[in-house]
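Just so it is clear, none of the values below were taken in a lab; they were calculated from the coordinates. Because the structure is a prediction, the values reported are computed rather than measured. We place every Cβ from the backbone using ideal geometry, glycine too, and count neighbours over all the protein chains shown.
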Amino acid sequence: MNFIVLGCTGFIGSKVYDFLQSNPNNSVVGISSNEVDLSEASSYKKLQNFITPDCVLIMCVGVKKQFGDNIDIFEKNIVIIDNFIRAVIAVIPNKIIFISSASVYGEDVAHSDKIDENTTVGNRSYYGMAKYMSELLLDKVCSEINTKLIILRPPLVYGDGDTSFGYGPTGFLRKAIDGEKNIMWGDGNELREFIYIDDVVNIINRLVNSEFEGILNIVSVKSYTYSDVIRIIKNNFCFDIDVVSRERSKEKVDHIFSNKLIKEVLINYKFIDLKSGMQLMYDSMQDLNKGSIS
């Protein structure tokens, strides 16, 4: 099978690229910003030279919210999706898998019921708005050019290769290893989903040959708190973590997801639990530290 992975040097894209390339039956082309920078005007002309009608095009390119939640980042993400769409209109791929985000439901929006794919979008961030706008544009275009589209909405993804070190499992563990203070907003007991990177990769691989089209939340239905993450680090890696509590700037909001659809689409799929995922990430960080010392 022929694959094109856009964003093949990023956190998710690099893992997807490596996994697909490990199968000798696959033909995999990885495209980084060095080859095609989709934030540049007319970059779609370069991209369309890579696309083939029989390929599965996996779109992992975007400016993360860690780089700032402002109108400039929003506009850059819109330019990226605009160039992407112009390329796929010129050369229509067989299937598109777009990595969106559960941020479209609103990072600080309270929902009365469990969040599922039909939950009303409640964006309050430029990042979430850009992702949702990208989804709408892709849905319209793919229906017009008659190509298959899968939109994946993962919550916070953590694991080996995540260099953002943001607020959550990756950032907390990295600071614990480095002996730095961890900042906790409020009591840290809001419920969240944390998805290990290998689950994202495995699910994409399962969906490649499936008949599924549409929106899918990548959720295990097992919610944890940020305090749970700290406890796992303390109990399993024997760190004396320095945690500093800060007053919340926003109200506490729990995010609890329904896994009804993903259970139907991916029968008997088992997610990596947070404790196991943290262990895998810790082992990879230790290996990197040993390599840098040697």
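The figures follow:
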{"read-out": "Overall dimensions of the chain as given by Cα atoms, namely Rg and Dmax in Å", "value": "19.2, 56"}
{"read-out": "Cα-projected label distance for residue 48 with residue 72, points at 7 Å along beta-carbon direction, nm", "value": "3.1 nm"}
{"read-out": "Point-to-point label distance, residue 250-residue 110, nm (Cα→Cβ direction, 7 Å offset)", "value": "1.4 nm"}
{"read-out": "Antiparallel content of DSSP bridges confined to the chain, in %, to 5", "value": "5 percent"}
{"read-out": "Simple label model, 7 Å out from Cα along Cβ direction - residue 279 to residue 143, nm", "value": "4.7 nm"}
{"read-out": "Filtered GluC sites (Glu not before Pro), region 204-260: DSSP coil and at most 12 other beta carbons within 10 Å", "value": "211, 247, 251"}
{"read-out": "Centre separation in Å (Cα based) which lies between region 196-224 and region 16-42", "value": "20 Å"}
{"read-out": "Listed residue pairs exceeding 22 Å between alpha carbons, taken from 175/275; 15/260; 64/222; 181/222", "value": "15/260; 64/222; 181/222"}
{"read-out": "HN-Hα J in Hz across region 21-33 - Karplus 6.51, -1.76, 1.60, θ = phi - 60°, x for Gly and Pro", "value": "5, 6, 8, x, 7, 9, 10, 10, 10, x, 10, 9, 5"}
{"read-out": "Relative intensity, log₁₀ I(q)/I(0), of region 31-76 from a Debye sum that treats every alpha carbon as a point, q = 0.15, 0.20, 0.23 Å⁻¹", "value": "-0.49, -0.77, -0.92"}
{"read-out": "Relative contact order %, the chain, counting alpha carbon pairs below 8 Å whose residues are six or more apart", "value": "17 percent"}
